[in-house]
Number of protein chains: 2
Amino acid sequence: MFSQTTEYALRATVWLAQNTGTPQTTQQIAEATKVPLGYLAKVLQALGRAGVVRSARGLHGGFELVKAPEMVSILEIIVVVEPIRRILSCPLDLNAHRLKLCPLHKKMDQALAMIEETFSSTTLADIVNTPSSSKPLCDVMQVRLGGARA
Amino acid sequence: MFSQTTEYALRATVWLAQNTGTPQTTQQIAEATKVPLGYLAKVLQALGRAGVVRSARGLHGGFELVKAPEMVSILEIIVVVEPIRRILSCPLDLNAHRLKLCPLHKKMDQALAMIEETFSSTTLADIVNTPSSSKPLCDVMQVRLGGARA
DNA sequence: ATATATGTGGATATCGTTATCCAGATATCC
DNA sequence: GGATATCTGGATAACGATATCCACATATAT
């Protein structure tokens, strides 16, 4: 349902959101997110062309988010690498359905709309800041202070 | 988001639901649904192996739904050709996320769950019987009797 | 300027999806 | 049984998604 590339793009941008202020090299991101280095470079290039991330070459270079994590929806990331093709006109190109989709395609489009809505209302900051015992991309157990008492 | 094959499988089964009681040949279905004949044969084969449709060879043969349209959810059709891979374990295989997905993957899985829910609660009968001016796969305008009056 | 670090863009490889085609199997009708 | 209709399964092809690699451009530090 979600392409591998989408998964990679989200991991990379979540990592950047977790490391705001310090440019991250492709290699750093690749290791942290377990994404193939060479392919990640391509994904980051695409995100760069789309204006989601900014890059700097040379020593101390790397990638950063262009906007604050609070201002970047997950949808923005996804559409860069996997456009969500809403069903806006009849896939069969039937004249009778030009202005009004049939129940089948309406249902399918509603599902796509739901996904768009869900992801457009969630930001990278939401993902990074959600209180959870599982921190994204981090394999260390989170300790909830004051949670348990002797 | 939805593969071409999914779209084809849904068109074909909707057509069968609209023609319950009369076996439809691959060619009839292909013409009605505008799906490439040769490829449709493969899709129908898959639906046959999955027990969604039943086939008969020879004259007056063709394909039929195994169950009544009321008893076939759209999800059943979709999973035959495009399994919805829920995110049940951490894609990065992080130990810390084994029992609890991180917020990113939880969010993604929730979207997949929504889609499953939507499509599992809609049957072929729902699609075919929904009152609409657009009849699935039919290019003729539906006339709503008694709708307008001089 | 030179050495080093790092992103960019192009060429290429692999694989699954989409698609076509045809020989063979099987059912019906006469 | 022969003619016809129809599905089945295998071979094959085109294409996009995934992935790798490398020469090149460009930035920093000294």
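The values are calculated or read from the model by the stated rules, or taken from the named source; none is laboratory data. As the structure is a prediction and not an experimental result, all values here were calculated from the model. We place every Cβ from the backbone using ideal geometry, glycine too, and count neighbours over all the protein chains shown.
When the range B:33-88 is examined, which residues are found to be away from chain A (no Cβ under 14 Å), under 30 Å from B:Lys107 (Cβ atoms) and over 15 Å from the mean Cα position of the chain (by Cα)? Lay out the reasoning, then the answer.
Quick first cut of the range B:33-88, residues away from chain A (no Cβ under 14 Å) only: B:37-39, B:41-68, B:70-71, B:76, B:80.
This time we only want the ones that are under 30 Å from B:Lys107 (Cβ atoms), so: B:76, B:80.
Across the range B:33-88, there are no qualifying residues.
Restricting to the range A:76-97, count the residues that are assigned to a helix (DSSP H, G or I) and either within 26 Å of A:Glu7 (Cα to Cα) or β-branched (Val, Ile, Thr) (or both).
In the first step, residues of the range A:76-97 are kept if they are assigned to a helix (DSSP H, G or I); the result is A:76-81, A:95-97.
Next cut, either within 26 Å of A:Glu7 (Cα to Cα) or β-branched (Val, Ile, Thr) (or both) only: A:76-81.
So the count comes out to 6.
What are the residue pairs meeting all of these: first residue in the range B:1-29, first residue at the interface with chain A (Cβ under 10 Å from one of its Cβ atoms), second residue polar (S, T, N, Q), Cβ atoms under 7 Å, and 6 or more apart or on different chains?
Close Cβ pairs (under 7 Å, with a partner that is polar (S, T, N, Q)) amount to B:Arg11/B:Thr33.
So is B:Phe119 within 14 Å of another protein chain (Cβ to nearest Cβ) and among the aromatic types (Phe, Trp, Tyr) or not?
Working: within 14 Å of another protein chain (Cβ to nearest Cβ): yes; among the aromatic types (Phe, Trp, Tyr): yes.
Taking the combined requirement at face value, the residue satisfies it.
Show the residue pairs that are 6+ apart or on different chains and have beta-carbon atoms under 9 Å apart, the first residue being within the range B:68-79 and buried (at least 21 other Cβ atoms within 10 Å of the Cβ), the second being basic (Lys, Arg).
B:Ile74/A:Lys107
Consider the range A:106-121. How many of its residues are of a type in the set (Val, Ile, Thr) and not in a helix (DSSP H, G or I)?
First pass over the range A:106-121, keeping only residues of a type in the set (Val, Ile, Thr): A:115, A:118.
Filter once more, so that each one left must be not in a helix (DSSP H, G or I): none.
Final tally of qualifying residues: 0.
Looking at the range B:89-116 only, could you name the residues that are more than 7 Å from chain A (Cβ to nearest Cβ) and either in contact (Cβ under 8 Å) with a residue 24 or more places away in the chain or touching a helix residue (DSSP H, G or I) at 6+ places or on another chain (Cβ under 9 Å) (or both)?
If we filter the range B:89-116 for residues that are more than 7 Å from chain A (Cβ to nearest Cβ), which is where we start, we get B:89-90, B:93, B:98-99, B:105-106, B:109-110, B:113, B:116.
Within the range B:89-116, B:Ser89, B:Cys90, B:His105, B:Gln110, B:Ala113, B:Glu116 qualify.
Restricting the search to the range B:31-63, which residues are without any contact (Cβ under 8 Å) to a residue 40 or more places away in the chain, of a type in the set (A, V, I, L, M, F, W, C) and in contact with a Gly (Cβ under 9 Å, 6 or more places away or on another chain)?
Hit for the range B:31-63 is B:Ala56, nothing else.
Wholly within the range A:1-75, which helices (runs of 4 or more DSSP H) include no fewer than the required count, namely at least 2 residues that are under 30 Å from B:Gln4 (Cα atoms) and away from DNA strand C (no atom under 11 Å from the Cβ)?
Numbers: elements: A:4-18, A:26-33, A:37-49.
Qualifying helices (runs of 4 or more DSSP H): A:4-18.
Which number in (1) polar (S, T, N, Q); (2) away from DNA strand D (no atom under 13 Å from the Cβ); (3) more than 30 Å from A:Glu117 (Cβ to Cβ) marks the one condition that B:Ser73 misses?
(3)
Out of the residues in the range A:122-141 that are loosely packed, with under 15 Cβ neighbours inside 10 Å and more than 7 Å from chain B (Cβ to nearest Cβ), which is modelled with the lowest pLDDT?
Checked the range A:122-141; the qualifying residue modelled with the lowest pLDDT is A:Pro131.
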